[in-house]
Amino acid sequence: MQFAGKKTDQVTTSNPGFEEEEEEEELQQDWSQLASLVSKNAALSLPKRGEKDYEPDGTNLQDLLLYNASKAMFDTISDSIRDTTVKSEVRGYYVPHKHQAVLLKPKGSFMQTMGRADSTGELWLDFHEFVYLAERGTILPYYRLEAGSNKSSKHETEILLSMEDLYSLFSSQQEMDQYFVFAHLKRLGFILKPSNQEAAVKTSFFPLKKQRSNLQAITWRLLSLFKIQELSLFSGFFYSKWNFFFRKYTTSPQLYQGLNRLVRSVAVPKNKKELLDAQSDREFQKVKDIPLTFKVWKPHSNFKKRDPGLPDFQVFVYNKNDDLQHFPTYKELRSMFSSLDYKFEFLSEIEDDDDWETNSYVEDIPRKEYIHKRSAKSQTEKSESSMKASFQKKTAQSSTKKKRKAYPPHIQQNRRLKTGYRSFIIAIMDNGLISFVKMSEADFGSESVWYTPNTQKKVDQRWKKH
Amino acid sequence: MSKGRVNQKRYKYPLPIHPVDDLPELILHNPLSWLYWAYRYYKSTNALNDKVHVDFIGDTTLHITVQDDKQMLYLWNNGFFGTGQFSRSEPTWKARTEARLGLNDTPLHNRGGTKSNTETEMTLEKVTQQRRLQRLEFKKERAKLERELLELRKKGGHIDEENILLEKQRESLRKFKLKQTEDVGIVAQQQDISESNLRDEDNNLLDENGDLLPLESLELMPVEAMFLTFALPVLDISPACLAGKLFQFDAKYKDIHSFVRSYVIYHHYRSHGWCVRSGIKFGCDYLLYKRGPPFQHAEFCVMGLDHDVSKDYTWYSSIARVVGGAKKTFVLCYVERLISEQEAIALWKSNNFTKLFNSFQVGEVLYKRWVPGRNRD
Amino acid sequence: MKDIINCRREITSRRLRKIRMATTDIISLVKNNLLYFQMWTEVEILQDDLSWKGNSLRLLRGRPPHKLSNDVDTEHENSLSSPRPLEFILPINMSQYKENFLTLECLSQTFTHLRSPSTERILLAIINDDGTIVYYFVYKGVRKPKRN
Amino acid sequence: MPPLVFDIDHIKLLRKWGICGVLSGTLPTAAQQNVFLSVPLRLMLEDVLWLHLNNLADVKLIRQEGHEIMEGITLERGAKLSKIVNDRLNKSFEYQRKFKKDEHIAKLKKIGRINDKTTAEELQRLDKSSNNDQLIESSLFIDIANTSMILRDIRSDSDSLSRDDISNLLFKQYRQAGKMQTYFLYKALRDQGYVLSPGGRFGGKFIAYPGDPLRFHSHLTIQDAIDYHNEPIDLISMISGARLGTTVKKLWVIGGVAEETKETHFFSIEWAGFG
């Protein structure tokens, strides 16, 4: 039995984070509440959610409690059948050589975020999407045997596949792990696309590379080398034992400035300009990528598959028990950071969706212009009402544009230090349990937190007056 | 005098090397003041008159200690360097023990220097002890209730009975806890009897004059010592001498690597104004404080890694959970050596530490648990 | 000049006394830490050494000042006032910069060395290079966590 | 491929043996959450090894890739498979029809449209006018089965392999030789009655429960095995692990196997509460 006891120790302070995860772990095992949603009978046979026990005590009552809990779980699973009615059935056919599935008569709201329609009106689903939709009972997974080369539909044989069949179709453990993460996030409403899959309208934060001439690039590199040289020449003297004989430092910051030129630190892009610079530098360096797995959008109702815009997150899937994989090294992390192309949430100059339209590019023109051009084209074809609608939307957007509060510098600095800059999510697969970690670039080398002398003097003065 | 103001004065300087900040005022229309200023400028220096003496103790591992009371205090007051061996951080053992043994007739608050901290630390100790006792009481109470429950089960009680009992127990525990919380305030002010009790062991603490033996030293981490001799001339030994103490003359690069890496990280944060202290209690390398422990809790935990290293996931996850549990931010600090091992060891052996440390680059990545459900909108 | 020399000498002699008394070696550092910081009593260094990989491990024994939070409640015991049993302490260097030798075999041998089957745990005193010592209990085998 | 179990009866059986696994599939009736999930049940490699070595499961190794199996289905076999599925569905439809009709009649009775004397013909007429049969037909459920028929009768490589061959193949999945010892830790703990789950989230290889996790809190965080003689205990990891244990009430357990005696040695570590 566990009763909430508060920790008072200095180091192991009580905290909501732990309790939450503990709860998470426990919740996973308590099916009685869910059972009531699925089956009334199961709920009736169960006691109110009790506390868990410390260890087996050999009593009948404990056995009974365990029996009930386990029955509730299995009843729930057995009673929850993946099915569709005959009326609303949608069949998806697995196509082995494409490792995709095709829906001949697609219908359903999932089409807003999943699949790609071809010219004949058939919908092609990625394998992840196929398994996911079958698993929810939204579509029926079929495999169709074709009778030789002559396509007389009468000779076709269709087999309704089972879940086990579907899972056996994953081509590797990695693909299956990725599916688990995909399904986990889909269930929560996120919209996911594989990172290597481009939408019809390709949006990027970066405008097409402006070809920097080789000469320019070389000068730039030379310059940066020069910077490093300069640094070491300067710092050399500070650390010589003659330093304090020759130089006199009249404030603490001067001392710090002498100290902080010794260890080099990686400067990461911190604003739009630096991001763009880093991108062109990267093109010059031809960095080899570690591919991220998914692009992820937060749930939203007007998502367009053709033209999804920049994703909100990028996710990398990693199986901790697979000896062929490893947690990324710093080298790899850097390469991953530099390959990111999403709504860089740290850019304080870009605050809302409207700004993102201005700050991302389609076909090398700002997305906003692109959308405008397209809607102008379609407006001539379509009714005026859509124009009105888009106009209304625009005004609505500009009116909701929130005013950013200007925080004092030290708070802003703290935020920079604690949230960092570019970031992506690692989804860690541990034999079916998934944890998520956010990795963010940070840059302590660009911040100074030493105690500023201003306040110091003020205090002194007040001191003297006393 | 408020505590905040005392601290402002006591910890006025963030480093043991002070800036020259006592120059007279320059009065533009008074050339004499210029002369005087120039004279004062000429006479003043940042360097210390008396460098801090360190001793090396230990058999297999080196422990670097400062034993002089004043110097211990100086290093603590000017940048929070070192840790008292018998204290949480600031070496307050002497004052604490004198008070405990009733050695000094002067009441605590009439003595200068460390007094306010000694007092708080003592009160803290007392409160901690009080809480500990209460926790034990609470656990006993809880164990009692659990036994009741087990008895009920053994008697073959019904689920409904159990639920009623559980409900009752929860309520009674809540009350118990509430009462305890009320008690804390009262007891914290009371004299703790057990504490003033003299133990047999304490006889060994006194010298022939009945004075307390100076048992506690301030211990410096090797990286702190290096900083205090190489970066700032504070200790009475040279960087070369320290290096010789830390590693044998014929050290290979792999021997010095982890020290050099730790130093580079330490220097990096120190030089940007952080107060850097050991993070061992959280299972990581360093804690970063703004200004120092009396002013703020540490907000960052730093773990150093080589830039091409990948650890088992559980390594990251268990540190991250301890760090996250203390509501701190977990920083992975990656270090890359930009020169070859041969060059590096050669620089070490020729005592060219400036060039050696300058050949390293650090980069940081924050590691944070991410909860999808909380990032949906 | 003379003053300075005198001053030096004085400081040195004071220092020597202190070092002799306190902290010439790791084991007395732990001993003093337990005695005068953690307020343990009856702390003594065990005489017979355990040799391990060319080093000799020395153990301490002592009595904690109060019931440790990890201890199981025995039902009929007034746990707050009764004397606590003696604990065995194994000091070990964290030694970030040097090779470590605390292996599972080393722990097994330590338990064997104590030769008392009733000893179910030893207290590991980990000495860090920052002047702190952290304490962890090592139990032989798999053990249940404290109940509450 | 990770080991998955699709048969609910098998999952029940495994649970009885103290193997709980992780349910990983969407629960169709509550498809928008991740706390309660359905089949497949994902097992750890150690679970499979244990089942195999205790002769509790038939391990079948299929080397063929899924799509090859699909493409290898002959027309003849396909027709057979298709018929089995359709038979199952028809049976289910029969049952559903009867159930729905009974339900319908009960409803009509309740509102007084019919009574016990109403004849079958009258009923039929009534149904026709209200289009009831058609409604029932279109509301029949087609369900997707959990377990596979296609894989059941597929020939597998393991048919010709001995049990030892299979164990060796399974052990081979531990690509690092050292990790094999982790299985022996797993086994020793299972023998002591512990139920083991993946422990990465809690800073270990496994976490251990004293019984079914549905009823009990976990007690231990188990680390990957280390070499008994030569591998030093990572003190930093130990400190953070044991500190963590204090908050989450789990002991941090490290263990290894002594080569000569094959004995497993465990040590449980716990912060002493001071220092």
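The values are calculated or read from the model by the stated rules, or taken from the named source; none is laboratory data. These numbers were taken from a predicted model, which means no experiment stands behind them. For neighbour counting, all protein chains shown are included, and Cβ atoms are generated from backbone atoms with ideal geometry for every residue, glycine included. Calculation scope for accessible area: heavy atoms of the full protein, side chains included, ligands and nucleic acids excluded. Shrake-Rupley method; radii C 1.70, N 1.55, O 1.52, S 1.80 Å.
Which longest uninterrupted range of chain B lacks any trypsin sites (Lys or Arg not before Pro) assigned by DSSP to a loop state (not H, G, I, E or B) and surrounded by at most 14 other Cβ atoms within 10 Å? Write down the numbers at each step before the final one.
On the way: sites that count: B:111, B:155, B:252, B:327, B:376.
By the stated rule (loop sites, at most 14 other Cβ atoms within 10 Å), B:1-110.
Given a 1.4 angstrom probe, I'd like the percentage of the accessible area of segment B:199-281 that is carbon and sulfur, rounded to a whole number. Write out the running numbers ahead of the final one.
Values: 1250 of 2550 Å².
Its accessible area is 49 percent carbon and sulfur atoms.
Could you compute how much accessible area chains C and A hide from each other, both sides summed, with a 1.4 Å probe? Nearest 100 Å² is fine. Provide the component values of the computation, followed by the final result.
Values: alone 11030 and 32320 Å², together 42950 Å².
Summed over both sides, the interface buries about 400 Å².
Please tell me the relative contact order of chain B in percent, rounded to the nearest whole number, where contacts are Cα pairs under 8 Å and at least six residues apart.
Numbers: 406 pairs, mean separation 55.9, N = 377.
Relative contact order, chain B: 15 percent.
Rounded to the nearest 10 Å², what accessible area does residue A:97 show when all protein chains are kept and the probe is 1.4 Å?
150
For segment B:83-102, which residues drop by 10 square angstrom or more in accessible area between the chain on its own and all protein chains together (1.4 Å probe)?
Residues shielded by partner chains are B:83, B:85, B:86, B:87, B:88, B:93, B:96, B:100.
May I ask you to derive the relative contact order of segment D:151-275, considering only C-alpha pairs under 8 Å and at least 6 residues apart, and to give it as an integer percent?
Details: 169 pairs, mean separation 23.1, N = 125.
Reported as a whole number, the value is 18 percent.
How much area per residue is accessible in segment D:69-139 when the probe is 1.4 Å and only protein heavy atoms are counted (Å²)?
The answer is 76 Å² per residue.
Kirkwood Rh and Cα-based Rg: tell me the resulting Rg over Rh for segment D:1-41, rounded to two decimals.
Values: Rg = 10.6 Å, Rh = 10.7 Å.
With Rh from the inverse mean 1/r over Cα pairs, Rg/Rh is 0.99.
Chains B and A: buried accessible surface, both sides, probe 1.4 Å, rounded to 100 Å²? Could the numbers behind the result be given before it?
Details: alone 24090 and 32320 Å², together 47630 Å².
In total, chains B and A hide about 8800 Å² from solvent.
When only alpha-carbon atoms are used, what values of Rg and Dmax, in angstrom, describe chain B?
So, for chain B, Rg and Dmax equal 27.1, 101 Å respectively.
With only alpha-carbon atoms in the gyration tensor, what are the semi-axes of the equivalent ellipsoid for segment B:200-241, in Å, largest first? The partial results should precede the final answer.
Values: eigenvalues 246, 23, 10 Å².
Three semi-axes, in Å: 35, 11, 7.
Show that you can apply the helix-only estimate: for chain B, add -39,500 (n - 2.57) for every DSSP H stretch of four or more residues, divide by all residues, and state [θ] at 222 nm to the nearest 500. Write down the numbers at each step before the final one.
On the way: 13 runs with 174 residues, N = 377.
Rounded to the nearest 500, the figure is -14500 deg cm²/dmol.
Pop the C-beta distance of residue C:63 and residue B:207 into the FRET formula with R0 = 22 Å and round what comes out to the nearest 0.05.
Numbers: r = 26 Å, r/R0 = 1.17.
Efficiency for this residue pair is about 0.30.
How big is chain D by the Kirkwood estimate over distinct Cα pairs, in Å? List each step's numbers first, then the result.
On the way: mean 1/r = 0.0425 Å⁻¹.
Result for chain D, one decimal place: 23.5 Å.
Can you list residues from other chains, or at least 5 along the same chain, whose modelled amide H is less than 5 Å from the amide H of residue A:81?
none
Apply the Karplus parameterisation 6.51 cos²θ - 1.76 cosθ + 1.60, with θ equal to phi minus 60°, to every residue of segment D:198-210 and state each ³J(HN,Hα) to the nearest whole Hz, in sequence, with x for glycine and proline.
Working through the residues one at a time gives x, x, x, 4, 9, x, x, 7, 10, 10, 10, 10, x Hz.
Order B:15-25, D:220-230 from most to least packed using the mean count of other Cβ atoms within 10 Å. Provide the component values of the computation, followed by the final result.
On the way: B:15-25: 16.3, D:220-230: 21.5.
So the order, starting with the most tightly packed, is D:220-230, B:15-25.
With a 1.4 Å probe and all protein chains in place, put A:191, D:84 in order of accessible area, largest first.
Working: A:191 5, D:84 85 Å².
Output order, biggest surface exposure first: D:84, A:191.
Could you pull out every residue, at least 5 positions away or on a different chain, whose amide H is within less than 5 Å of the one on residue B:300? Hs are placed 1.01 Å off N in the peptide plane, and Pro or chain starts have none.
B:288, B:329
Expressed as a rounded percentage, what relative contact order does segment D:1-41 have, with Cα pairs under 8 Å and six or more residues apart? Numbers along the way, then the final one.
Values: 40 pairs, mean separation 18.8, N = 41.
Over segment D:1-41, the number comes to 46 percent.
Run through segment D:201-275 and list the trypsin sites (Lys or Arg not before Pro) located in a DSSP loop whose Cβ has at most 10 other Cβ atoms within 10 Å.
Values: sites: D:201, D:205, D:215, D:243, D:249, D:250, D:262; in loops: D:205, D:215, D:249, D:250, D:262.
Listed in order of number, the matching sites are D:262.
Please report the buried accessible area for the interface of D with A, total over both chains, probe 1.4 Å, in Å² to the nearest 100.
Values: alone 19210 and 32320 Å², together 43150 Å².
So the buried area, both faces added, is about 8400 Å².
Can you tell me the dipole magnitude for segment D:83-203 around its Cα centre, using point charges on the Cβ only (Lys, Arg +1; Asp, Glu -1), in Debye to the nearest 20?
Working: 23 positive and 17 negative charges, 81 e Å.
With only Lys, Arg, Asp and Glu charged at Cβ, the dipole is about 400 debye.
D for segment B:272-370, whole µm²/s, Stokes-Einstein with Kirkwood Rh over alpha-carbon pairs at 37 °C and 0.692 mPa s: what number?
Numbers: Rh = 15.0 Å.
My calculation gives 219 µm²/s for D.
Under the rule of at least 5 residues apart or a separate chain, name every residue whose amide H is placed under 5 Å from the amide H of residue D:140.
Sorted by chain and number, the residues that satisfy this are A:86, A:87.
Please list, in order along segment D:19-31, the HN-Hα scalar couplings obtained from phi with the Karplus expression 6.51 cos²θ - 1.76 cosθ + 1.60 (θ = phi - 60°), rounded to whole Hz, x for Gly and Pro.
Per-residue couplings from phi come out as 10, 9, x, 10, 5, 10, x, 4, 8, x, 7, 9, 7 Hz.
Over chain B, average the accessible area per residue using a 1.4 Å probe and give it in Å², no decimals.
Values: 16950 Å² over 377 residues.
Roughly 45 Å² per residue, with all protein chains present.
As a check on your grasp of the helix formula, calculate [θ] at 222 nm for chain D: sum -39500 (n - 2.57) over DSSP H runs of n ≥ 4, divide by the residue count, round to the nearest 500. Could you put the intermediate results ahead of the total?
Details: 9 runs with 113 residues, N = 275.
Calculated from helices alone, the mean residue ellipticity at 222 nm is -13000 deg cm²/dmol.
Taking θ as phi - 60°, what are the ³J(HN,Hα) couplings along segment C:55-63 by the Karplus curve (6.51, -1.76, 1.60), each to the nearest whole Hz, with x for Gly and Pro?
Rounded to whole hertz, the list is 10, 10, 8, 10, 10, 10, 9, x, 10.
Suppose we keep just the alpha-carbon trace of segment D:196-275; what are its Rg and Dmax in angstrom?
Reported Rg and Dmax, both Å: 13.2, 39.
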